[in-house]
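The values are calculated or read from the model by the stated rules, or taken from the named source; none is laboratory data. Please read these numbers as outputs of a predicted model, since none were measured by experiment. Positions of Cβ are generated from backbone atoms using ideal geometry, with glycine treated the same way; all protein chains shown enter the neighbour counts.
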């Protein structure tokens, strides 16, 4: 349940069901979460009443804090909230540019209302004007969120258009992220124009089942696919032309979060001078920097690494951990492939500045 006294009851009523679903992991998948948060913010903006647009900004920021607390190690919620805040701030700035004297006009009308004998008429006219401006701004912001939803829904189309240009005939590719639907669609689209082979790491112990489903889908699309153990990555890398990696979050410094085991694969690729391409939708770009990298790593069930029935082996082991994700530094990525083009890691900060406002980096 949402415990934020600053939020109005009607906003809390909209927020509670989504927060409950997020904390219980009933909403899974980056794209699904992004769409759910976008629709939620659209409902919040429709239900919120404000006379000053900055009141709306404060409300969205408070909603963002609650959503981030529901998934503290996921960045998609914060990304979507900040994108919507950027949409709102851009519209506020444009309104100020179109009517530069709006503040002075408001002040003059206030002074006039104090001196005027017909106070009720002036107040009523200013109230009607304020409601009209709020209504117009609300509709523009909601349309901006609809455009954002369309971008998220069609994210694969922009990525797929680049696939045939980046992959060559008879090339051997390697991917360590079989849970990425973006990578799957990227490879399937490339197959329509190119013939190639894909090596897929088994991702022991967390993604084995997902890996087999990924391989089957590739095989169904007539892509030659080979499953390899994680331990053979270094030996196979000399034959690989490119490494294709799916990203969960891309930070402003050019680093990213991905599956556990990906860090090992990209280190091998760097040793063999094999290019690494990371695919990610624009909504996965975050304006934050990974200062505390250890805090970004999620830990899963250690029983998958060493079964509890093998308790005799535990006598010689101090700590058993099962990390679920890895941080990939920018120097291990050659190109980020997004739905708006390909960019070097060093240029990601520029894309971030185009889509986010610095004042919203810290929602609290």
Say whether the condition of being surrounded by 16 or more Cβ atoms within 10 Å (Cβ to Cβ), touching a helix residue (DSSP H, G or I) at 6+ places or on another chain (Cβ under 7 Å) and at pLDDT 85 or above is met by at least one residue in region 113-136. no
Take residue 349 and decide whether it is assigned to a loop (DSSP other than H, G, I, E, B) and out of contact with any strand residue (DSSP E or B) (no Cβ under 7 Å at 6 or more places or on another chain). no
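A quick yes/no check of all residues on (1) more than 18 Å from residue 156 (Cβ to Cβ); (2) modelled with pLDDT of 95 or more; (3) under 22 Å from the mean Cα position of the chain (by Cα):
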position	(1), (2), (3)
166	no, no, no
174	yes, yes, no
181	no, no, yes
190	no, no, no
204	yes, no, no
243	yes, yes, yes
251	yes, yes, yes
Within region 147-160, of all residues that are at pLDDT below 90 and touching a helix residue (DSSP H, G or I) at 6+ places or on another chain (Cβ under 8 Å), the one surrounded by the most Cβ atoms within 10 Å (Cβ to Cβ) is 155
Across region 216-234, which residue is surrounded by the fewest Cβ atoms within 10 Å (Cβ to Cβ) among those that are farther than 16 Å from residue 195 by Cα and in contact with a strand residue (DSSP E or B) (Cβ under 8 Å, 6 or more places away or on another chain)? 229
Just checking, how many residues over region 186-204 are in contact with a helix residue (DSSP H, G or I) (Cβ under 8 Å, 6 or more places away or on another chain) and buried (at least 18 other Cβ atoms within 10 Å of the Cβ)? 13
Filter result for residue 219 (closer than 29 Å to residue 300 by Cα and out of contact with any helix residue (DSSP H, G or I) (no Cβ under 8 Å at 6 or more places or on another chain)): no
